[in-house]
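Report on the structure given below.
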Amino acid sequence: MKKNLNIISRVMRLTCILLFASVSFAFSVGSYAQNTFITMNVSGKSIAEVLEMIENETEFNFYYNSKLVNTNRLVSVHVKNKHVYTVLDQLFSGHDVYYKVVDKDVILTATVGAGEGITQNRIGISGTVVDAAGEPVIGANVVEKGQPANGTVTDVDGNFSLTVAANAVLQISFIGYTTQEISALSVGGGGIP
């Protein structure tokens, strides 16, 4: 009987460790773009050259059809410690190019029509999630509403950072608390109850 209890105890411990590792891995996926900052100071380079520079400086890979996306256009990029979204917004501002970041891959496509409502205005935000007593909430989910793959979890101090659409609404949830929705533009380093 005691031997069976020891086996069950070991299996339960191993299950908990594997579950914790799986959850940690799941929350780390997609965070590369949110945690990678680029510094660039180039003038008169083609978009293709700028994309190659980003690939050499980071772990990003760009995929596009050169017949659909004009990568010969000359551009200037001057950024210091900015997200890849900021650089891509500068490169394609005013042009019919849509991008999607999937982990470390960036897919560039031509937009089908101007009336589709695709916007590229993305902003980096950060904040702190606190409870009613002002204590940080550890492990709260912060997700861009309507974009379930774009989210993060608060750290041990209740802090988070995320890159979202400029007009995004954040959904903040935690077990035992009512889910809150707040405009991304209202996040400014203060606590989010």
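In this structure, the pairs whose alpha-carbon distance is over 21 Å, taken from LYS82/LYS145; LYS67/LYS100; LYS45/LYS80; LYS80/LYS145, are LYS82/LYS145; LYS80/LYS145.
Label separation (LYS100 vs ASP157): 3.6 nm, computed from points 7 Å beyond Cα along the C-beta direction. With K and R counted +1 and D and E -1, the other residues having a Cβ less than 15 Å from that of ASN141 yield a net charge of -3.
Just so you know, all these numbers are worked out from the coordinates, no wet-lab data involved. Bear in mind the structure is a predicted one, so any value in this text is a computation, not a measurement. All Cβ positions, even for glycine, are placed from backbone atoms using ideal geometry, and neighbour counts span all protein chains on display.
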